[in-house]
Structures are given as structure tokens and as C-alpha cells.
Amino acid sequence: MKFTLILTAVLLCAASSSSQKVSVLNSEFLPEIDQETRCGATIEADAGTLIVPNVGQSIEPGSICIFTIHLQSTNNFRLNISNLDVSGDGRDEDCSDAAVRIYSLTNLVPSDNGENYTFCNDSPPPPSGSLYLSGNLATVIYQSSMNASLNSGFTLNFEGIAFQPIQIIHESSYSSATSGLIRYPVEGEYAANRVTTWLIKTSDANPDLEMDVILQRMDIEECEANGNFSINEVCLCDALILYQVTGDGILEDKSRLCGSSEADVVIEGLGPNFIIAFFTDGIQVVGAGSGFEVLYKPRVAPPTTTPQPTTTSSTPTTTTSQQTSTPPSATPSPTTPSATTQSSTTRPPPTGNYSTECGGVLTGTQGLIEYKLTETYRNFERCLWTIRTPYRSRIRFDLNQAEWENRYDNIQIYTLNSTGVRNKHVFSLPVPDFVLLEGTVALVLFQTDYSNVGTGFSLSFTVDDGFDNSLLYFEDQHRIVEEADGETFRFPENGLYRNLELSTLTFIQPMYTAPLTMDMNITSLDLEVGMDGQCRDKLHAYMLQESDTIPQTNHIVRVTPEEGICQTTDLNPGASFVRSYGIILILATDQEGRSNGFELSLRSPVIA
């Protein structure tokens, strides 16, 4: 079986000859399967098109194809499946017979809450538009039907959408041998700010093959718990994760490990296909660790008794997921950050964690806004940035440089939580100045009034120690609206919203020389309501207005009740219809129950 991969950036498909790049990998039992019969690859690129199979070639019925995709200098995937036909000879509503499954791999969310999509003929991807997946590492798994036609396959287009000034180095290896030894690093201590994977993809000729994986000489940094982390969270800093790909093409997070131990950690009875992923954070700690060794080989019967790891700080921490072989829902999960749907009346915001534009979404543990730093800004400017620091509990903002009209022009910082706006800080001159605020997501508003101007500013943000364990998911969208004519927006765009989600959706007109506004009307609202009639999941809405105070600091005003709303009957008169130059919507969900979300329309009013 062959595949075609068309790339617009760097690509590496590592066979055994290139596996020395990140490890010592010795094959002991069977020779490598050549590229002609391989059903998978490792991909290192910022954009590309994956076509499976190639023209004139076919995939053996019942095969499992596995691809890992490492973005190189960008973050967060934009995906589009332009062709999909994985049909067998009957209906397959739950995608159990054949499917294309896409997973985000990360150590920053619990093992049973990772993002994923599942598609098949009876549950196809959206006919148009993009899908989004957070992070910079994805796995694509194709489960071929036992009754597949010769034309079965798919075409997947991918690209990274967020530039990261601080590079995360990605390395990957592929092996089809049924036995081998991985040593990482070969010598010395492992490096910070890296993601490394080893894809072990053996032949489909023996799907019943069982493998034993033995992890030896574990020496990996743990987070300093200080009583604040559960056993599942101590591996947030650096983590070694073992993923199994089941016979029905489902990715299972089998074990997460960190810490140090001379005792072996043995995982018995794995299937023939699995992925080992090693994540290190951006902090270089002297003496963090000398890494690990992984020995994998066919299982020997009867199995031998092996030492079991404990969960103290001196031994590896192992978390085993409780997933079953039931395929995940065919309904795609909405995805995250900086995912912005474009239309003819919107323009894309800056993405990543550096911006010189007037507004956008910045995602990361640190970032920088430099807006008109050496230029003169104009009157009536309105710039709004969403700052997302995934799962961190506090954000520090440093105003490094600024020269605006004090008291009338300024920067306002708002942090958000499930109750809406949580904290507020207004930066005034002189600089430098800083503030430390509670929260994992914040809004930065730069506003100028009708007279007198100055030069722009430099504002940086960094995360503080600590994690917010109350959230699992988020999605931030930002739209700059020059003109709207009855456009409809739905959140989430597809499927149901998620549990323990805190997401934001902002609309803004960046600058005006007349009292131009936009009208927002909430046309549909379907959030979870408890048996007592109280809202379990909530929508909070705010509008941007001219300040009624001097200094001018009162620009964001709530338009929904303090407790939020979950159904249209909760709307106060006028709350469903807002006329403003900016609109902020916050969706906050609890840990149970999901629904369809909300829909709204935007229209630019006619000025007589």
C-alpha cells in the first residue's frame, strides 16, 4: 500500500534507516517491512495533504493505517477532509466497521478527555468549512473495512494556524519491527521544550499479535505537587505516554509516567500497533532527568511476574485509562483556540502568541502584543485581544512601553471565569507597570477617545505557577466586523458543546469616525437546565460602549443577568437584542450534560 503526501513545508517520513535520529532502535526478530507495504508514516510539516491510498493502489481489507503529524513552527490544526469513502457493504451508523479517526495528543488534559473526531460514510465530515484540533501533535488512524472496495480511502488537508515565536522541537520515528530497544536520550540529560514520538506499526498480517512493553531506568521530571496536584496531574511537566491502537482503529491512552525508579514498569498484552510519546515543558531544569529505555517484544507465555510501580515521588507515576473498545461518537467535537470561521465580511485575526494587529486571539504560556509601537494611533480606535493561557490559574501582564493620552486612552484587562468577568485592571501611565490576575483567559481592550493621539504600546503576558483544574476544554473565536448583513453564527459550529468548557466569542468594529454599530440578536439558545429549572450551563453576554466616566474606564457592560442565561425565556427585555460596537459572549458549562449551544445574527444598522 502506498500513500501520497503533498506538503507546503518540511516533511520527514522516517523509516528504520532514519529512526536513529531520536533513539537507538534495534530490531531483533523480524526485518523491517518495506515502504511498499507500509500502512502509515510519521509526518513533520506545518501544512500538507495526505491522500490514502494513492491513485491506482489499494489498501488490504481490514488494515489499520496510522499517521503521526508533528507541526514544526505552528500550533493548532486547521483540518479539511475533501474526500472520504470508507464504505463496506452495509450501513455503519456508529463507524464501527470502517472510519477515519483523528486525535490530538498532549499531556495537558486528562487521558479520557482528549479531542478527537470520527468520520465514516454514514457520519461524514461537514460538507464545507474547516475543523480544528488544538496542540501541535495529531494522529490519524484509518480503519479499513473488511468489505472495503478498491476505491476506499480519504484525503485530509491540514495546516497549523498559530505562529509560535518560541519553537517547540518535534522529532519522530517509525518502525515496523516487532521487537526493538529505544534509549532516549542516547546520552546525557533530555532537552526541554520538545515533543518526540515513536510509532511502532507492525504488519497487519498478524492482528492477534500481543506485545510486551518494558520501561526501564525511568528518570523523568515531575511537577512539584505542593499538595495541589492529584496523581493524574503530576506528569503535567514532563511525561512519557503510551498509546495503544486497537484492532478497530481506536486510540487508547494506556499509561502516563514520570518520576524516577530503577524498577521496571511492564505493560503486558498490547496489540501490534502503539505510539510512545514524550513531552517536555519549556523549563530547563538542571538534573531534570536522564530519560528512559523502552524494550518491546512479542509476549512470551506464560507471562512472568514483574515488579509493580508505586505512586510515590521516588517511582514512576502510572495512569491507565479505562477506555473500552467502543468507537467514540461519530459527532465531531468542537475544537479550540484561535479557530476563526471566516466569511466575506470578516478578516482573520492574528494567531499564536505574538500580535501587531488590532485584536485577535493569543494562546500560550507567554506572549507579546506590540501595537503601533513606533506609530501614531488614531482617534476612536478599538482593539480587543483574547489571551488564553491553557489550564493555568494566574496571568501576569507587563506594560513595557506606552505613550498615549493619559486618562482618556488606555489598556483595560479583564479576566473571565464561569461567572463572567472576574477581575479588572486599567493600565495608566507612566510605564513600566505590571499586574498579576487570577484566571486562565483574559480580554485586553485598547481604546482611544475622540481627540488627541499618541504612540502605541508593548504589552507582554506570562503564566504564573499553578494550574486551573476546573476546566477541560475551551475555544476562543474573534471576529473583526467591518459590515454585517444578517449573518448567522452558531456556537459550537458542529455537534454539541463540551462539559467543563469555558469558551469565548467576540465581535468588534475596530475603528469608527461616526457612531457606527452592529446589531446582535440571539436567535437560538439551547443550554442544559437542571430539574429545578436553574441553569446548569450558562451564557454571559457583554457589550462595548463609550465610557461614562473620566478617566474613561467603563467600557464593558453586562447585558445578561448576573447568573447567566440558558434558555430564551431567561432573557430580559432587550437582552436578546444588543446594539453596540463590540460584543463579548462567554459559554461556561458544568461537568454533566451537553446540548446544542446558541445561535445569533449580526446586522449593521441603516444610518439615516
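The values are calculated or read from the model by the stated rules, or taken from the named source; none is laboratory data. Quick caveat, the model's predicted, so the values are computed rather than measured. Cβ: placed from backbone, ideal geometry, glycine included. Neighbour counts: every protein chain shown. Calculation scope for accessible area: heavy atoms of the full protein, side chains included, ligands and nucleic acids excluded. Shrake-Rupley method; radii C 1.70, N 1.55, O 1.52, S 1.80 Å.
Quick look at the values:
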item: Checking ILE200 against (1) at pLDDT below 90; (2) open to solvent by less than 50 Å² (accessible area, probe 1.4 Å); (3) of a type in the set (A, V, I, L, M, F, W, C); (4) more than 24 Å from the chain's Cα centre (by Cα), the condition it does not meet; result: (1)
item: Among residues of the stretch 166-212, those that are of a type in the set (Lys, Arg) and more than 18 Å from THR68 (Cβ to Cβ), counted; result: 1
item: Qualifying positions in the stretch 254-290 - charged (D, E, K, R), part of a strand (DSSP E or B) and surrounded by fewer than 22 Cβ atoms within 10 Å (Cβ to Cβ); result: LYS254, GLU268
item: Residue within the stretch 500-508 that is open to solvent by less than 60 Å² (accessible area, probe 1.4 Å), part of a strand (DSSP E or B), of a type in the set (Phe, Trp, Tyr) and over 23 Å from ILE413 (Cβ atoms) present; result: no
item: Considering residues of the stretch 595-608 that are modelled with pLDDT of 90 or more and surrounded by fewer than 21 Cβ atoms within 10 Å (Cβ to Cβ) only, the residue farthest from LYS538 (Cα to Cα); result: GLU599
item: Residue in the stretch 551-587 that is modelled with the lowest pLDDT, counting only those that are among the small types (Gly, Ala, Ser) and open to solvent by less than 10 Å² (accessible area, probe 1.4 Å); result: ALA575
item: Sole exception among (1) acidic (Asp, Glu); (2) open to solvent by less than 50 Å² (accessible area, probe 1.4 Å); (3) over 29 Å from the mean Cα position of the chain (by Cα) for ASP548, by number; result: (2)
item: Those residues of the stretch 370-398 which are under 19 Å from the mean Cα position of the chain (by Cα) and of a type in the set (D, E, K, R), in sequence order; result: ARG388, ARG392
item: Candidate set: the stretch 497-520, residues that are modelled with pLDDT of 90 or more and hydrophobic (A, V, I, L, M, F, W, C); chosen: the one nearest to the chain's Cα centre (by Cα); result: LEU502
item: Subset tally (residues that are over 30 Å from VAL361 (Cβ atoms) and either crowded, with 16+ Cβ neighbours inside 10 Å or at pLDDT 85 or above (or both)) for the stretch 42-57; result: 3
item: Criterion: surrounded by 22 or more Cβ atoms within 10 Å (Cβ to Cβ), closer than 19 Å to THR68 by Cβ and under 21 Å from the mean Cα position of the chain (by Cα) - qualifying residue of LEU108, LEU156; result: LEU156
item: Hits in the stretch 94-137 - residues which are among the aliphatic types (A, V, I, L, M) and out of contact with any Leu (no Cβ under 7 Å at 6 or more places or on another chain); result: ALA98, ALA99
item: Matching residues, the stretch 463-480, being in contact with an Asp or Glu (Cβ under 8 Å, 6 or more places away or on another chain) and surrounded by 17 or more Cβ atoms within 10 Å (Cβ to Cβ); result: PHE467, LEU471, LEU472, TYR473, PHE474, GLU475
item: Count of residues meeting criterion [open to solvent by less than 30 Å² (accessible area, probe 1.4 Å) and touching a Phe, Trp or Tyr at 6+ places or on another chain (Cβ under 7 Å)] in the stretch 405-430; result: 3
item: The stretch 106-143: number of residues that are of a type outside the set (Phe, Trp, Tyr) and either touching a helix residue (DSSP H, G or I) at 6+ places or on another chain (Cβ under 8 Å) or not in a loop (DSSP other than H, G, I, E, B) (or both); result: 14
item: Subset of the stretch 476-494 (residues that are part of a loop (DSSP other than H, G, I, E, B), at pLDDT below 90 and in contact with a Lys or Arg (Cβ under 9 Å, 6 or more places away or on another chain)); result: GLU482, ALA484
item: Residues (touching a strand residue (DSSP E or B) at 6+ places or on another chain (Cβ under 7 Å) and assigned to a loop (DSSP other than H, G, I, E, B)) located in the stretch 372-389; result: TYR377, ARG378, PHE380, THR389
item: Matching residues in the stretch 410-428 - criterion: being at pLDDT below 90 and either touching a Lys or Arg at 6+ places or on another chain (Cβ under 8 Å) or assigned to a loop (DSSP other than H, G, I, E, B) (or both); result: SER428
item: Selection count, the stretch 434-457, where residues are open to solvent by less than 10 Å² (accessible area, probe 1.4 Å) and part of a strand (DSSP E or B); result: 9
item: Considering residues of the stretch 90-105 that are part of a loop (DSSP other than H, G, I, E, B) and small (Gly, Ala, Ser) only, the residue least open to solvent (accessible area, probe 1.4 Å); result: ALA98
item: Residue check for SER149: surrounded by 22 or more Cβ atoms within 10 Å (Cβ to Cβ) and over 25 Å from PHE77 (Cα atoms); result: no
item: All positions within the stretch 168-191 that are of a type in the set (Gly, Ala, Ser) and either open to solvent by 20 Å² or more (accessible area, probe 1.4 Å) or without any contact (Cβ under 8 Å) to a residue 24 or more places away in the chain (or both); result: GLY188, ALA191
item: Boolean, ARG407 is of a type outside the set (Val, Ile, Thr) and modelled with pLDDT under 90; result: yes
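The rows are residues; the columns are (1) at pLDDT 90 or above; (2) open to solvent by 10 Å² or more (accessible area, probe 1.4 Å); (3) hydroxyl-bearing (Ser, Thr, Tyr); (4) in a loop (DSSP other than H, G, I, E, B).
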position	(1), (2), (3), (4)
ILE59	no, yes, no, yes
ASN75	no, yes, no, no
ASN80	yes, yes, no, no
GLY88	no, yes, no, yes
